[in-house]
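Note sheet for the following structure.
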Amino acid sequence: MSKTLAIIGARLNSSRLPGKHLLKLNGIPMIGQLLKRLKKCDAIDSIALATTSDQFNQPLIEWASNNDVNCTPYSGDVNDLMSRLDEIIQDELPDFIVYICGDCPLIDPTFIDHAIQSLRLSNKDTIVLDSNVISLHEGMAFYSLAGWNKLNRASNNPMAREHVGYADRQREVLSKEYIFDSNDFSKIKHRISVDTRSDYDFMREIYQRWYAENPSDSIVDLLWVQDQLLLDQSLRMINAHVNQKKPDCEYSNVSIYCHISSKIGIGHLKRCEIIANSLQEHLSVGAHIHILSEEQHDITMINKCTWYQSESALYQAIENDSSRLVILDFNPDRISTNKLHESCKKLKKNQN
């Protein structure tokens, strides 16, 4: 009997939405909702989490342990996703592999079963939707073990090691079975992956609407999502502006500096959050907010941020910043503009 392994690829280091896999959807971490959907698949025999062993991803490793999900944290190059997956695949040696992006909490179990069955019967390396098929599906790839091994061998450059399937797009090495969809998901195209704050706001709204009318042990139906998108323009507009990152493009990072205090308030920080979100969603850059404050406040933030308790620590951070763009948002009456100017001159000199 053949064995099918589903591997969830996830790390908490996303440049546009750090920690996104553990953000809650209807009270459950997004990756938990994804696991719930995979368990509905009849064709999947085992599920594994592929993440890295660095400290930043320990919460994911703990989540896997608490939910009985196989996880062997990868200790190699954090950008080498192919090796991270291959370590698990060569240990389990399944006949078929389903790669699932950890930021796609609307994968359709019926389609996954349909795709796996099609691959089993085909004697091909992978399946793809027929060129005439338009579909909502995102975040999945299907391989036979032989097909995976071919792809892994062909992935011989950094971009191909970081993005599953990229090597086959550069030079076709896999035999393909072209299939039709499991249902009609062609009525509208829309993002159903979570890369930014607006994507998360969209997904949270979808989950809230579904579970307001359906039992907690159900899963959000993708055909229902399609109907909601067709009926409600305001729902579509939540993340319609978000740009998808392209694997062959290099995206810059942005650093944004501000301060808050009891005398200043938190207006600077709120404004910087808006700027960061806009840059991340419209230009696909990674934004890091640096905050000067006497103490770290309990402010709900999704953006990547660093707190500084002294001006000297903040100035040093500015001087050593390696981002292509640095934005400063300070009240000139509440900070030493002369020292700030000196730090900016040192920053310019260091970057030259």
Taking the Cα atoms only, what angle lies between the long axis of helix 145-154 and the longest principal axis of the chain, rounded to 10 degrees?
40
Ordering 323, 65 from largest to smallest accessible area (1.4 angstrom probe), what's the sequence?
65, 323
Holding the Cα-Cα limit at 27 Å, pick out from 40/150; 40/245; 304/339; 3/36 the pairs that are longer than that.
40/150; 40/245
Beta carbons within 10 angstrom, averaged per residue: use that to sort the peptides 106-118, 19-31, highest first.
106-118, 19-31
Within the chain, percent of DSSP bridges classed antiparallel, to nearest 5:
20
Surface accessible to a 1.4 Å probe, per residue, for the residues of the range 232-279, Å²
54
For helix 81-92, report the angle its Cα long axis makes with the longest principal axis of the Cα atoms of the chain; keep it between 0 and 90° and round to the nearest 10°.
40
So, R0 is 25 Å and r is the distance between the beta-carbons of residue 149 and residue 22; what FRET efficiency does that work out to, to 0.05?
0.20
Could you list the square roots of 5 times each eigenvalue of the Cα gyration tensor of the range 242-290, that is, the equivalent ellipsoid semi-axes, sorted largest first and rounded to whole Å?
27, 10, 4
Using a 1.4 angstrom probe on heavy atoms only, work out the carbon and sulfur share of the accessible area of the chain in %.
46
Give, rounded to the nearest 20 debye, the magnitude of the charge dipole that the range 224-284 has about its Cα centre when Lys and Arg contribute +1 at Cβ and Asp and Glu contribute -1 at Cβ.
320
Based on Cα coordinates alone, diagonalise the gyration tensor for the chain, multiply each eigenvalue by 5, take square roots, and list the semi-axes in whole Å, largest first.
40, 24, 19
For residue 349, go through the aspartates and glutamates and keep the ones whose alpha-carbon is under 18 Å away, minus same-chain ones fewer than eight residues off.
319, 321
Compute the angle between helix 337-351 and the longest alpha-carbon principal axis of the chain, please, reported from 0 to 90 degrees and rounded to the nearest 10.
50
Multiplying the sequence separation of residue 249 and residue 156 by 0.36 nm and subtracting their Cα-Cα distance, what value in nm do you get?
31.7 nm
Rounded FRET efficiency, nearest 0.05, which uses the C-beta distance separating residue 227 from residue 336 and R0 of 56 Å
0.45
Per-residue [θ]222 nm for the chain (sum of -39500 (n - 2.57) over DSSP H runs n ≥ 4, rounded to 500)
-11500 deg cm²/dmol
Exposure ranking of 231, 222 by accessible area [1.4 Å probe, largest first]:
231, 222
Taking N as its residue count, the alpha carbon Rg of the range 186-336 over 2.2 N^0.38 Å
1.30
With every protein chain left in place, what is the accessible area of residue 308 in Å² (1.4 Å probe, nearest 10)?
30
Using 0.36 nm times the number of residues separating residue 322 and residue 346, minus their current alpha carbon distance, what extension gain do you get?
7.4 nm
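The values are calculated or read from the model by the stated rules, or taken from the named source; none is laboratory data. Since this is a predicted model, take the numbers as computed values, not measurements. A quick note on method: Cβ atoms are made from the backbone with ideal geometry, for glycine too, and the neighbour counts reach across all protein chains shown. Calculation scope for accessible area: heavy atoms of the full protein, side chains included, ligands and nucleic acids excluded. Shrake-Rupley method; radii C 1.70, N 1.55, O 1.52, S 1.80 Å.
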